[in-house]
Amino acid sequence: MAFETIIVDIGDHVALITLNRPDALNALNAALLGELAQAIREAGENDKVRSIVITGSDKAFAAGADISEMASKSFVDMFTSDYMGTQTRDLLNCRKPIIAAVAGYALGGGCELAMMCDFIIAADTAKFGQPEINLGVVAGIGGSQRLTRFVGKSKAMDMHLTGRFMDADEAERSGLVSRVVPAKKLKDEALACAGKIAEKSQIATMAVKEAVNRSYETTLSEGLLFERRLFHALFATEDQAEGMAAFIEKREAQFRDK
Ligand code: CO8
């Protein structure tokens with residue numbers, strides 16, 4: 001199906017999803033989030049796709065939820081439609097690794113969308129922020145919870161209460177992004193990184209996602225047990241035997257997702 005607010009390119013094992021509402025700095029409206037959710041679902045079901053990159057334009061990953069769309073809504077509209085609830089759940093349910101490649105503004109829902117991905121690669125032009133306070137509201141798709149886990153309470157409070165932006169250097173220093181690259185190289189670096197991940201055993205990459213994400217939801221001892229059992233379970237796979245044999249034989253592993 002042709003999308004109107006995103007562009008999807010399925011390359012060699014990597015799906016590149018580009019947010020495409022340039023006139024509104026990729027503001028997230030219901031149409032865009034609906035299409036994004038559908039594209040993620042389709043990428044999840046497509047055997048050819050092994051990892052996903054979500055990106056925006058040079059100027060904006062996404063400047064937040066669409067303020068024009070939200071401005072006239074009532075509590076009843078938001079609550080009964082569970083505004084943005086279904087779409088964000090689809091993104092979080094994806095079991096394949098998702099990288100956010102962020103240049104320019106990632107504000108409000110844009111910052112939250114980036115944080116919903118598995119990790120963020122930032123261009124040196126990236127600016128992150130949760131400026132909802134300036135609109136008389138708070139973050140709505142995870143900003144208060146995820147930013148706090150990424151950067152700690154003090155910085156998260158600062159960002160949410162003042163609405164100030166964080167540049168790429170500060171974001172890397174604070175643990176919000178995994179790496180910063182020159183803006184011109186952002187797409188290539190993100191695709192190369194997604195390509196590297198695509199070479200791994202998909203069983204193992206899915207297990208990594210489950211293990212790391214579990215650390216947000218449980219105690220340390222339960223998380224350690226969960227991780228150890230996953231580690232044990234992977235010894236039932238051919239990919240474990242292949243990966244270890246390849247190391248010993250000093251050759252590249254040929255994973256078959258079995
Ligand atoms: N929504 C709608 N339109 C937007 C948005 C947005 N979030 N951001 C920018 N635009 C539009 C502008 O209105 C403008 O349109 P037009 O040309 O028709 O006037 C166009 O994009 C370009 O924007 P600017 O002229 O403002 O560009 P500047 O370079 O001067 O400024 C900024 C760039 C600083 C990014 C500025 O546009 C800005 O402050 N944008 C708003 C940022 C913001 O407040 N984001 C938070 C929104 S609220 C939110 O995200 C809540 C998330 C939770 C929702 C989930 C619900 C459950």
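When the stretch 45-54 is filtered for residues that are crowded, with 17+ Cβ neighbours inside 10 Å and out of contact with any Gly (no Cβ under 8 Å at 6 or more places or on another chain), the ones remaining, listed by number, are Val49, Arg50, Ile52, Val53, Ile54.
Residues of the stretch 204-258 that are under 26 Å from Cys117 (Cα atoms) and either touching a strand residue (DSSP E or B) at 6+ places or on another chain (Cβ under 7 Å) or β-branched (Val, Ile, Thr) (or both): Thr205, Val208, Val212, Thr218, Thr219.
Would you be able to say whether some residue in the stretch 107-114 is at pLDDT below 95, open to solvent by less than 40 Å² (accessible area, probe 1.4 Å), within 12 Å of the ligand (Cβ to nearest atom) and not in a loop (DSSP other than H, G, I, E, B)? Checking the stretch 107-114: not a single residue is at pLDDT below 95, open to solvent by less than 40 Å² (accessible area, probe 1.4 Å), within 12 Å of the ligand (Cβ to nearest atom) and not in a loop (DSSP other than H, G, I, E, B).
Can you tell me which residues in the stretch 55-91 are open to solvent by 50 Å² or more (accessible area, probe 1.4 Å) and among the acidic types (Asp, Glu)? Residues satisfying the conditions are Asp58, Glu69, Asp77, Asp82.
Can you say whether Ile67 is of a type in the set (Val, Ile, Thr), on the phi < 0 side of the Ramachandran plot and more than 10 Å from the ligand (Cβ to nearest atom), as far as the supplied structure shows? It is false that Ile67 is of a type in the set (Val, Ile, Thr), on the phi < 0 side of the Ramachandran plot and more than 10 Å from the ligand (Cβ to nearest atom). Mind listing just one residue for me: the one in the stretch 68-88 that is of a type in the set (D, E, K, R) and in a helix (DSSP H, G or I) and, of those, nearest to Ala24 (Cα to Cα)? So, considering only residues that are of a type in the set (D, E, K, R) and in a helix (DSSP H, G or I), the one nearest to Ala24 (Cα to Cα) is Glu69. Do the conditions hold for Ala24, that is, is it more than 17 Å from the chain's Cα centre (by Cα), buried (at least 16 other Cβ atoms within 10 Å of the Cβ) and of a type in the set (A, V, I, L, M, F, W, C)? Judged against the criteria, Ala24 is a match. Just wondering, is there one or more residues in the stretch 66-84 that are within 15 Å of Met116 (Cβ to Cβ) and among the charged types (D, E, K, R)? Within the stretch 66-84, not a single residue is within 15 Å of Met116 (Cβ to Cβ) and among the charged types (D, E, K, R).
Look at the stretch 219-229 and say how many of its residues are open to solvent by 40 Å² or more (accessible area, probe 1.4 Å) and in contact with a helix residue (DSSP H, G or I) (Cβ under 7 Å, 6 or more places away or on another chain). Write out each step before concluding.
Taking the stretch 219-229 as the starting set, the residues that turn out to be open to solvent by 40 Å² or more (accessible area, probe 1.4 Å) are 219-222, 224-229.
Add one more test, that the residue is in contact with a helix residue (DSSP H, G or I) (Cβ under 7 Å, 6 or more places away or on another chain), and what stays is 226-227.
Count: 2.
When the residues of the stretch 26-57 are narrowed to those that are within 12 Å of the ligand (Cβ to nearest atom) and part of a loop (DSSP other than H, G, I, E, B), which ends up nearest to Met84 (Cα to Cα)? Among residues in the stretch 26-57 that are within 12 Å of the ligand (Cβ to nearest atom) and part of a loop (DSSP other than H, G, I, E, B), the one nearest to Met84 (Cα to Cα) is Asn29.
If you go through the stretch 92-102 and keep only what is open to solvent by 10 Å² or more (accessible area, probe 1.4 Å) and within 16 Å of the ligand (Cβ to nearest atom), you end up with just Leu92.
Looking across Gly142, Gly152, Gly175, one residue alone is modelled with pLDDT of 95 or more and within 15 Å of the ligand (Cβ to nearest atom). It is Gly142. All but one of (1) modelled with pLDDT under 95; (2) open to solvent by less than 60 Å² (accessible area, probe 1.4 Å) hold for Asp239, so report the exception by its number. Failed condition: (1).
The values are calculated or read from the model by the stated rules, or taken from the named source; none is laboratory data. Please read these numbers as outputs of a predicted model, since none were measured by experiment. In this analysis, Cβ positions are derived from the backbone assuming ideal geometry, glycine residues included, and neighbour counts consider all displayed protein chains. The protein model used for the area step is the full one, side chains on, heavy atoms only, and it has no ligands, DNA or RNA in it. Shrake-Rupley method; radii C 1.70, N 1.55, O 1.52, S 1.80 Å.
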